[in-house]
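So the structure is just underneath, and the comments pick up after that.
Here, each number is a calculation from the coordinates, and none is a lab measurement. These figures come from a predicted structure and were not determined experimentally. In this analysis, Cβ positions are derived from the backbone assuming ideal geometry, glycine residues included, and neighbour counts consider all displayed protein chains.
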Amino acid sequence: MEQKGMVRARPGSTARARGRLRRPLAWGGTAALLGCLVTAVPLAGTAHAAATLTVTSPDLVFTKGQAKITVSTDQASVSWRTTDNQGLPVASGTATASGGTATVDLTGLDTGHYTLTATAGDTTRTADFGVLPPLAGHETADERFGVAMHFGHYNGEDHKLLRWIRLMGTGQVRVDANWSAIEKTPGEYSWDKYPTDSSIPYAASQGLTVLPITAFRNPNYDNNKTPSSPEGLDAYGKFTAAFVEKYQQHTKEVEIYNEYNSVGFNNGACGLTADCYLELLKASYGKVHAKVPDATVVGPALAGLNRDWLNRLYSLGGLNYLDAVSVHHYGYPKPPEEALATLPQIRADLDAAGGQDKPLWLDENGYPTHNDGVTEAQQAAYLPRAEVFAFASGVDRYYWYDAFNDGTDANEKEHNFGLFRRPSSSVTAWQPKPSVVTQGVLTRQLAGRVFAGRDDAGAAEVRSYRFGSGSDTVRTLWTTADTPRTVELSTTERVTVTDQFGRARTYTPTGGKIQLTLDGRVLYAKGAVTNVKAVTTPVFSVQVPEQTNTAETVRATLVADRTAGGQNLPRKVSFQVNGEAFPMDAAPGQVTRRTIELPTSAKSGPREVSGEVTSGPITLARVSSPTEVQQATQVTLDPRVRAASPLATQLTVTVTNNRDRTALDVSTLEWQVNEGTAYVDRGTAAGTFQVPANSSRSFTVDVRNAKAWNRYWAAAHITVDGVRTPVGTWTGWGAVQPDGVSTATPIDLATQASKSYPNGYQGATDLSGTVRPQYTDEGLVLSATVTDNALHQPVTDPANMWQGDSVQLAVTPDHPGRSKQYVEVGASLVNGVPRVHTWRPPPGQQAGPTPGATATVVRDGTTTRYRITVPWASLGLAGKPTSSVGLGVVVNDNDNDGRGRGVVEWGFGIANNSKISSGLRAVQLTDA
């Protein structure tokens, strides 16, 4: 139910409460931290110096029984608490400081991923850490498991990070070998000038095998482009052979180039084809084997699972120049089984081409955790699923891309593929994401066990893959369904079940059956199991609400359904959930229920409530049920356009109480809009008010001084129980008028867009103009008037129109940052014909010509006029939007004058390839 309330208005202005419940920014989560970046109304009190506190442990990954974390502080002691991956408390205490250092002893923790929260005085720091099972010693000898990294990019810590890779049990490391950095003078190789010279031998000392990629180009040949001339190809082949010869005592593997079929890596004159790549193979393969006969030459490191490209390479005889075939594929945010669905056919094609004896390597696959990517919890769950599915599809070696984050920008996907986050001023070590632990558990469970097949569980969504044989068999079990599924394992022996974080439990069959509830996280079941069968009515289960919150306990229902099965089970059982025992008298032939209260989680997002059912010392079954944990109090800020011309703007602030049983009493709700550190406008939206349980209240205020199409920081400060908490978001106001109405100010490319020219922007004549978004009932209309001293489009494929003069636009269906959906479309004259192409389609559609879209492109002197119409459905919208959507626009400029392609962008995220919805700008459709 929506609650309406009064707004305290400015003198001489009107303000009213209105709006709807929106997907909010979380109070207390990332949004609250972002809110602290703005200049806020200061709290009353006396200023004082904050206590110093830094997490200084050099390592934050441990084996079980070794976890100790050091912190430095100017205080006498540090209080601390630790929560698990579900946000539940597991340990707490106080550590005494000596000489400015305190040590938090966590040696009693089980394996898993945890968060330490430490407080000294009024300063609090958090650090994530992982606890792994001990290494048995044989894990890194299993050649199937690998990760990628970039030697020399980690502030001198390459060797430390290699030790962590070994600790995960991962034995293979894929790295760049920069040709231009080593061969600065033709024919002369300065090995000691590049970090591979120290890191390859060190990796070998840790039991790791390095796969170097000889890449990419060299200023001495082919004008610093991908080699294609006889001289350049010969030089590349000689360098590759010399590299393998130099490091053959430590590795005999080498990969020929990277993603040759991608313009992101290949700018050579020959092109992107398999025919061209074959010349690179021919220039390298013989030279390498002449130097090191037992070397392994790998390629093509193909971008995407492009069967046509690979089959062309095979038909040309490419397998005669390869010892292993490598491919890359991502496909996020799709789950691995969907993203990698073509892998079995890739293996079949290779076999059919005579490559039965050729290993197939998937040497790039991963899931980035940037703001528009997957969550870290999803990454942790998808990692073992991706690897298992790859092995089941005929892949012989798998490399995760990549081991370590390449940067710290949360909006940039390329910064966030890693298993570890980079150090910061408050945490000086690399922090493991949960995926570090799930990778470590995977290698420990499967190392030395070969893939043996998939069980038919009678339900396609149930995955059960076998590794090993006999009683040593390990099954990897999960479901691809959105809701849990239950399976029965048929066995006469005890089975050890280990979860993705390494916590093991031994189950005893009753009546020859063990019941396990599966979700999207991998379970490892070790033992002599004869059958796996999905069941629709489990004997034991736990039921929790679909949504819970961070303030109230979780009411769960324990269920024993013995109406259709479980005749051999004992009557007296106990559910073990969150470390507590809940006894139950499970009468045969009846459904028995018990309602319990479970502790709340401090972490918002998906939570799996799981546990075991026991009878005395015997474990009978595993139960699990998901819930989405919401922040108890949430705030949204929604921009509104009251009038398009002259522009009149408003901001709706909505407070949502997600508690089920308790009202929320708010003392004050303040708001502000900033441009940089300067206020644009601010005020008080409401004084004291109450929000009932599961309800919202909205307040709309007028915002003065906002300019059309600019980007602003909007924030609210909500005071509850004397605590004033900031929440904020990037926002803006842009009036999108009906087609044919042009009274509003258009976007000015000269003053409101960023410019990126590799050899310098040369002013308005180089590129300037205006862009005007408009709409019809059927779709979006984008008109651009562009002043450009030259019109040039060198490509013939519309998919590559961005390389020449063109316009790109991206849309997200909600206020930027609320939806991860990102649709990208472009228009240009290609072969003299206006084309509209979709690169990032909405769900259910394909990349290619944009359905229903039209374009006109007219050149008049130095002015190019674009008019692009795109149906709402082709932008991922059900119809004309009634609230803010996100929009971004890029104008590409290729003057064909040797200066390279320039880019003018309104918004952020299209041109830099981050492709993030949160970088787009908020716009609003108006009636006039």
Original post:
How much FRET efficiency would the formula 1/(1 + (r/R0)^6) give for residue 690 and residue 92, where r is the Cβ-Cβ distance and R0 is 41 Å, rounded to 0.05?
Top reply: 0.80
**OP:** Using the number of other C-beta atoms within 10 angstrom as an exposure proxy, rank 387, 157 with the fewest first.
**Re:** 157, 387
**OP:** Quote to one decimal, in nm, the extra length available between residue 742 and residue 136 on full extension: 0.36 nm per residue of separation minus the C-alpha distance between them.
**Re:** 211.1 nm
Subject >> Estimated [θ] at 222 nm from DSSP helical runs (n ≥ 4, -39500 (n - 2.57)) normalised by residues in the chain, nearest 500 >> reply: -4000 deg cm²/dmol
**OP:** Just order 265-273, 728-736, 575-583 by mean Cβ neighbour count inside 10 Å, highest at the front, would you?
**Re:** 728-736, 265-273, 575-583
**OP:** Could you list the residues of region 159-194 with an amide nitrogen less than 13 Å from a label point located 7 Å from the Cα of residue 408 in the Cα-to-C-beta direction?
**Re:** none
Original post:
Given the Cα-Cα distance of residue 505 and residue 357 and 0.36 nm per residue of separation, how much length would full extension add, in nm?
Top reply: 49.3 nm
**OP:** With a 10 Å radius around each residue's Cβ, average the other Cβ atoms per peptide and rank 392-399, 645-652, highest first.
**Re:** 392-399, 645-652
**OP:** Run down the lysines and flag those whose C-alpha is under 16 Å from the C-alpha of residue 246, throwing out any fewer than 8 positions away in its chain.
**Re:** 193, 238, 287, 291
Original post:
Suppose R0 equals 41 Å; then what is the FRET efficiency for residue 530 and residue 163 from their Cβ-Cβ distance, rounded to the nearest 0.05?
Top reply: 0.50
Original post:
Considering only the chain, what is the antiparallel percent among its DSSP beta bridges, to the nearest 5?
Top reply: 80 percent
Original post:
Once the piece of chain linking residue 110 and residue 756 is laid out straight, how much longer is it, given 0.36 nm per residue of separation minus the C-alpha distance between them?
Top reply: 227.5 nm
Subject >> Set of aspartates and glutamates near residue 334 by C-alpha distance (under 14 Å), chain-local residues within fewer than 8 positions excluded >> reply: 372, 482
Subject >> DSSP-loop trypsin sites (Lys or Arg not before Pro) across region 522-617, with at most 15 other Cβ within 10 angstrom >> reply: 571
Original post:
Using a simple spin-label model with points 7 Å from Cα along the Cα→Cβ vector, what separation in nm is obtained for residue 471 and residue 50?
Top reply: 5.8 nm
Subject >> Simple label model, 7 Å out from Cα along Cβ direction - residue 428 to residue 375, nm >> reply: 3.3 nm
Subject >> Cα→Cβ-extended label distance, 7 Å offset, between residue 66 and residue 865, nm >> reply: 7.1 nm
Original post:
Efficiency by 1/(1 + (r/R0)^6): what FRET value for residue 858 and residue 677, r their Cβ-Cβ distance, R0 = 30 Å, to the nearest 0.05?
Top reply: 0.10
**OP:** Would you list which aspartates and glutamates come within 12 Å of residue 572, measuring only between C-alpha atoms, while excluding same-chain residues fewer than 8 positions from it?
**Re:** 585
Original post:
Ranked by Cβ crowding within 10 angstrom, fewest neighbours first, how are 584, 168, 149 ordered?
Top reply: 584, 149, 168
Subject >> Modelled label reach - residue 103, point 7 Å along Cα→Cβ, region 59-96 residues with backbone N closer than 14 Å >> reply: 59, 66-72, 95-96
